[in-house]
Amino acid sequence: MTAERKMIMSGQDIERSLSRIAIQILERNQNVEDLVVVGIHTGGVFLADRICKIINEREGIELPVGSLDITLYRDDWSRVSQNPIVKKTDINFSVEDKVLVLIDDVIFTGRTIRAALDAIMDFGRPECIQLAVLADRGGRELPVQPDFVGRQVKTGPHEHVDVLLKENSERDEVVLEKMS
């Protein structure tokens, strides 16, 4: 089986999308004192850090930013691996009555976000949770829609969206892979 790869977002496209998402977050949430940001491991953590940096520079503030591992909250973890690799959850601030912006790199079925919502509730009850994603590839199995989207990507059943970020790759780009 071979994979055909096509770049659908360059590093410049990613930066532009993250800036737009940061501005949209600020426009929707006038009271930044009640705003907290949490990225879902792995790609969402890097994107959350970048979005917070943009907001912090624009507003002259220091938004709380955390990371969330959802491995043990997934409804399919036992099917995927008998020995799941659990990453660190780092939310060292209160989420109670806050506007929590949850960030992930790609949304597809909605199952990752459902697991993340379950995990967040173990930390308290936010006033509301908003969702930001870099790429939305459609294909929902659950009724979950992002509030902020970098790019809509139509995908087929044998396609995969791969987000490469400088923090764990040599470059920033979003690639559509088609298995043939």
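The values are calculated or read from the model by the stated rules, or taken from the named source; none is laboratory data. The structure displayed is predicted, hence computed values, not measured ones. Here Cβ is always computed from backbone atoms with ideal geometry, including for glycine, and neighbour counts include all displayed protein chains.
Once the range 72-90 is narrowed to residues that are within 15 Å of residue 114 (Cβ to Cβ) and surrounded by 16 or more Cβ atoms within 10 Å (Cβ to Cβ), the residue that is modelled with the lowest pLDDT is 74. All of 150, 139, 156, 124 fail the test of being modelled with pLDDT under 95 and in contact with a Ser or Thr (Cβ under 9 Å, 6 or more places away or on another chain), apart from 139.
Looking across the range 160-175 at every residue that is surrounded by fewer than 17 Cβ atoms within 10 Å (Cβ to Cβ) and among the charged types (D, E, K, R), the one that is farthest from residue 20 (Cα to Cα) is identified as 170. What do you reckon, is residue 65 within 26 Å of residue 11 (Cβ to Cβ) and either of a type in the set (D, E, K, R) or at pLDDT 95 or above (or both)? So residue 65 fits the description; yes. Being in contact (Cβ under 8 Å) with a residue 60 or more places away in the chain and more than 16 Å from the chain's Cα centre (by Cα) is the filter; apply it to the range 10-28 and report the residue that is surrounded by the most Cβ atoms within 10 Å (Cβ to Cβ). Top of the filtered list is 13.
The criterion of at least 1 residues that are under 17 Å from the mean Cα position of the chain (by Cα), over 14 Å from residue 9 (Cβ atoms) and not β-branched (Val, Ile, Thr) is met, among strands (runs of 3 or more DSSP E) falling completely within the range 105-180, by 128-136, 148-152, 159-164.
Take the residues of the range 29-71 that are among the aliphatic types (A, V, I, L, M) and in a strand (DSSP E or B): which is surrounded by the fewest Cβ atoms within 10 Å (Cβ to Cβ)? Top of the filtered list is 36.
Pairs please, first residue from the range 104-122 and farther than 25 Å from residue 50 by Cβ, second anywhere and buried (at least 20 other Cβ atoms within 10 Å of the Cβ) and at pLDDT below 95, Cβ atoms under 9 Å, 6+ apart in sequence or on different chains. Filtered contacts from the range 104-122: 118/70. The residues of the range 1-24 that are in contact with a helix residue (DSSP H, G or I) (Cβ under 7 Å, 6 or more places away or on another chain) and either within 14 Å of residue 131 (Cβ to Cβ) or of a type in the set (S, T, N, Q) (or both), listed by number, are 19, 21.
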